[in-house]
Structures are given as structure tokens and as C-alpha cells.
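Colleague: Let me give you the structure first, and then I'll get to my questions.
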Amino acid sequence: MRHSERFLVVYSGVLTLALAVVLLTGARDTRTATFDEIDVQRINLREPDGTLRMVVAGRDRFPGGIVKGREYPFERGVAGMIFYNDEGTETGGLVFRGKVGEDGRPVTSGHLSFDPYHRDQALGLSMQQVRGGYESGLTVNDVGDTPIEELLQAMERIRALPEAERAAAQQAFADNAQPLVPRLFVGRTRDGIAALQLRDGSGKTRLQFRVEEDGAARIDFLDADGNVQRTLGADGSEAGGG
């Protein structure tokens, strides 16, 4: 009997040790894994406390607007990745889409943006192709004082309204909110010009440095209505606007 008891004690100890080794080894293996290839519709990158820091997703699983961990669903129609700050609030992203439109011409866009705290994008690098032409460049924006959470909440309220009331509600919100205003653009315009555009607080271009496809270069001074008031040519010539 004593021999059997000792055997059972040793046997139980060996099983316990083996189980501990398996559990510890298994736990360690789940922390690091190597794959040759993986297919996935969405990846959520989180901190140890669960705070969301990045989402990589296809169009059908792409997130809406997220502020401090709360999501305000809306359809973006893009794939890519979204970045989140230490509080789990959207702070920029890289998105893209592209297809042939109903008119048989391609509709393509790609956009990388960075947002200030609880505001919309202050810096964007983008390319947009529609109706046969494309524009690509860097844009710097004024973001205003309207928190992004307030904008998302307004969108949520407006979507819940009867369709006949939505347009008026959207206009009422736009009249009171401070919009995103582009202040600087540098890149290629839709008409093939390499341009540097400096814009006023309303987003209207007031000073433009441009080079045409044929190499002609000039500087334009514009009024608030977009009319060229003065032009300086590369040869030092000056012309007034119309």
C-alpha cells in the first residue's frame, strides 16, 4: 500500500509538472507567431488595457468615427487603416478606393491625413481622379474649433431624422459649425499645372505660383472672387487682371 501511495504521489507530481510545462509553453507561443501568409478582413491593434490604437480593414469592415472608444457608425466607402491617440480617438489614417464609374471612366482616390486633438485633418497628402482628370498634392488646413465628437453626434442626429428634414438640419449645423478650410496646396492641379496656392481664411486662393506643362512660369495675385488682379511672368513682365 505504501509503495502504491508513493507511486501515485510521484505520478501526480509528474503529471502536474508536465501540465505546467505545456501551459507555459503554450502561453509563450501565443504571444509570438510567424505566418507566411494571412487573409483577414480586419485587424484591431490595442494596448494591454484594451485601448484601440489602429484598425486595418477592408471596405465592408471599415470603422466609423471613434472618439474615446465610442464608435459613431457611418459608411466611408474606403479600405485602409485608421490611427487612434492614447485615448482611443481617431487621429489620422491612410485610406484608398478605386473603380470604374458609371460613365466608364475611373474614380480613384488615396489619402493620408493627420489630425489635431479632437479635430479633423490638419495635414493631408492625397490623389483624386474623377471625370478623366486627377489632382495630387499636399494640403494644409485650418481645422476650426468644432470638436470632431460634436460633428459625429450631429451626423448621428441628422441620419435619424425623416429624409425630408435632413437637408435643412445639415444646413443649420453647417451654418453654426466652423468648417475645415484649406489654406495651402502644393501639387498638380486637374488641368496639369504644378502649383503652390496660398489661400485666405475662406479657403479662396489669393496667391498662386504656377508652372504650365510647356514650362511657362508665373505668379498670380487673385481677389476674393478668384479673379487674377496681377501677374508676374518669369521674364519680369507684369500684367493686370481682367
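The values are calculated or read from the model by the stated rules, or taken from the named source; none is laboratory data. Small disclaimer: the values here were computed from a predicted structure and weren't measured. Here the Cβ positions follow ideal geometry from the backbone for every residue, glycine too, while neighbour counts run over all protein chains shown. Remember, those area values only see protein heavy atoms, side chains included, never the ligands or the DNA or RNA. Shrake-Rupley method; radii C 1.70, N 1.55, O 1.52, S 1.80 Å.
Colleague: Sort through 216, 169, 234, 164 and tell me the only one that's surrounded by 12 or more Cβ atoms within 10 Å (Cβ to Cβ) and either in contact with a Pro (Cβ under 6 Å, 6 or more places away or on another chain) or of a type in the set (A, V, I, L, M, F, W, C) (or both).
Modeller: Residue meeting the stated conditions: 169.
Colleague: Select from segment 211-226 the residues that are part of a loop (DSSP other than H, G, I, E, B) and modelled with pLDDT of 95 or more and list them in ascending order.
Modeller: 223
Colleague: Taking segment 199-210 as the region of interest, how many residues are open to solvent by 60 Å² or more (accessible area, probe 1.4 Å) and either closer than 19 Å to residue 111 by Cα or in a strand (DSSP E or B) (or both)?
Modeller: 2
Colleague: In this structure, is residue 138 open to solvent by less than 80 Å² (accessible area, probe 1.4 Å), assigned to a strand (DSSP E or B), closer than 23 Å to residue 68 by Cα and out of contact with any Ser or Thr (no Cβ under 6 Å at 6 or more places or on another chain)?
Modeller: Here the answer is no, as residue 138 does not meet what is asked.
Colleague: Would you confirm, using the coordinates I've provided, whether residue 168 is small (Gly, Ala, Ser) and touching a Gly at 6+ places or on another chain (Cβ under 9 Å)?
Modeller: no
Colleague: Select from segment 113-130 the residues that are in a strand (DSSP E or B) and closer than 23 Å to residue 150 by Cα and list them in ascending order.
Modeller: Passing the criteria: 113, 114, 123, 124.
Colleague: Of all residues in segment 41-62, count the ones that are in a loop (DSSP other than H, G, I, E, B) and among the aliphatic types (A, V, I, L, M).
Modeller: Total satisfying the criteria: 0.
Colleague: Which members of segment 99-127 meet the condition of being within 24 Å of residue 54 (Cβ to Cβ) and of a type in the set (D, E, K, R)?
Modeller: Passing the criteria: 115, 119, 120.
Here is a yes/no grid of residues against (1) open to solvent by 60 Å² or more (accessible area, probe 1.4 Å); (2) touching a Ser or Thr at 6+ places or on another chain (Cβ under 6 Å):
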site: 191; (1), (2): yes, no
site: 194; (1), (2): no, no
site: 197; (1), (2): no, yes
site: 212; (1), (2): no, no
site: 225; (1), (2): yes, no
